[in-house]
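Rule-based calculations on the coordinates, nothing more; no lab input. Since we're looking at a predicted model, the values are computed, not measured. Cβ placement follows ideal geometry from the backbone for every residue including glycine, while neighbour counts extend to all protein chains displayed.
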Amino acid sequence: MEEILKLENVNKNYPSFSLKDVSFAIKPGEIMGFIGRNGAGKTTTLKCIMNLVHYESGSIQAFEKDMTANELENKQRIGFALSEVNYHPNRTIKQLMDVTKRFYRNFDEKKFAEVCKVFNLDMNKKIEELSSGMKVKYSVAIALSHKAELLILDEPTSGLDPVSREEVLDIFREIVKSGERAILFSTHITSDLDKCASHITYIHNGQIFFTGKKKDFVGSYLFVVDKTKKKDLEKEYIACKELDDRIEGLINIDKKDVFVQNGIEPREPDLEEIMIYLERSNNNESFAL
């Protein structure tokens with residue numbers, strides 16, 4: 001299968017917000033991080049994929065089949081969890097599993113029990129007794145138990161402690177290791193993507209700014225820390241800020257020589273630095289499209 005999920009020119013209009021020609025694709029074996037500010041369109045896009053929101057134009061395919069025309073069939077092969085979904089607090093994991101399995105023809109109770117054991121999930125525990133990390137693991141356990149080939153997750157690591165986040169990321173890496181499954185997940189925790197994502201899709205104000213390999217995205221920029229505070233170099237930054245002892249900011253990689261010639265050696269940025277300064281450029285001038 002060439003592409004497990006493909007969006008082409010998806011548009012959705014609200015009175016105060018619009019998705020504009022959203023296009024990206026994911027192949028088996030990939031973990032794609034979906035990033036952008038609050039309100040940029042991440043959750044709306046995920047809802048469009050799952051036909052929870054009806055988009056006006058464009059196309060969405062999963063497993064090389066139109067998502068709307070083949071919704072029931074495709075959803076059998078997708079594991080989906082929104083951050084806003086609240087499970088019934090007084091039901092146990094087993095009770096919820098008994099309800100959920102009715103929706104999936106391939107649900108394997110034995111597999112679910114095995115995954116819960118690996119995740120240290122007590123099937124007799126009530127949902128209200130689970131931590132945020134355990135709830136994420138429960139969602140993943142459900143997806144793995146109906147043989148989901150694509151996981152679509154909205155903020156799956158939000159609110160988790162560092163140890164639980166690392167456990168979830170290890171699970172994600174294991175899921176795609178065979179090269180047969182893929183994961184799309186939105187997040188504000190860009191350090192998680194530094195650790196596990198192979199691809200990035202960056203949405204800004206309803207438009208895709210970048211989609212592709214993470215190494216290509218990160219490799220397009222450099223981060224500068226100028227302790228000499230050379231004011232004449234400020235025009236070379238995408239965006240920068242002046243602190244007490246330095247000027248720091250983001251530059252395009254083709255600006256490297258300008259700074260090296262001034263005795264400043266830029267370094268590779270992390271995703272958080274890129275996102276902060278790209279968004280900062282929007283506040284100061286216009287977004288760097």
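In this structure, the amide hydrogen of His204, modeled 1.01 Å from its nitrogen in the peptide plane, lies closer than 5 angstrom to those of Phe209, counting only residues at least 5 positions away or on a different chain.
The gain in end-to-end length when the Phe17 to Val258 segment is fully stretched comes to 82.8 nm, 0.36 nm per residue minus the alpha carbon separation. For the chain, taking Cα atoms only, Rg and Dmax work out to 21.2, 66 Å respectively. Considering only C-alpha atoms, what is the centroid distance from the range 53-74 to the range 11-38, in Å? Cα centroid of the range 53-74 versus Cα centroid of the range 11-38: 15 Å apart. With the charge dipole of the range 219-284 set up from +1 on Lys and Arg Cβ and -1 on Asp and Glu Cβ about the Cα centre, the Cα lying farthest toward the positive end among the listed residues Gln261, Ser220, Cys240 is that of Gln261. Rg and Dmax, both from the Cα atoms of the range 219-284 and both in Å, are 10.7, 29.
Its Cα centre serving as origin, the range 219-284 has a Cβ charge dipole (Lys and Arg +1, Asp and Glu -1) of approximately 220 debye.
When the Cα positions of Asn74, Ile49, Met32 are compared along the charge dipole of the range 5-217, Asn74 comes out farthest toward the positive end, with charges on each C-beta of Lys, Arg, Asp and Glu.
Normalised by the number of residues in the chain, what is the relative contact order in percent for Cα pairs under 8 Å and 6+ residues apart?
Details: 533 pairs, mean separation 58.5, N = 289.
This gives 20 percent for the chain.
Here the range 5-217 is treated with +1 on each Lys and Arg Cβ and -1 on each Asp and Glu Cβ, and its dipole about the Cα centre works out to around 220 debye. For the residue pairs Lys42/Lys214; Lys135/Lys177; Lys27/Lys215; Lys27/Lys117; Lys6/Lys213, alpha carbon separations beyond 20 Å are given by Lys135/Lys177; Lys27/Lys117.
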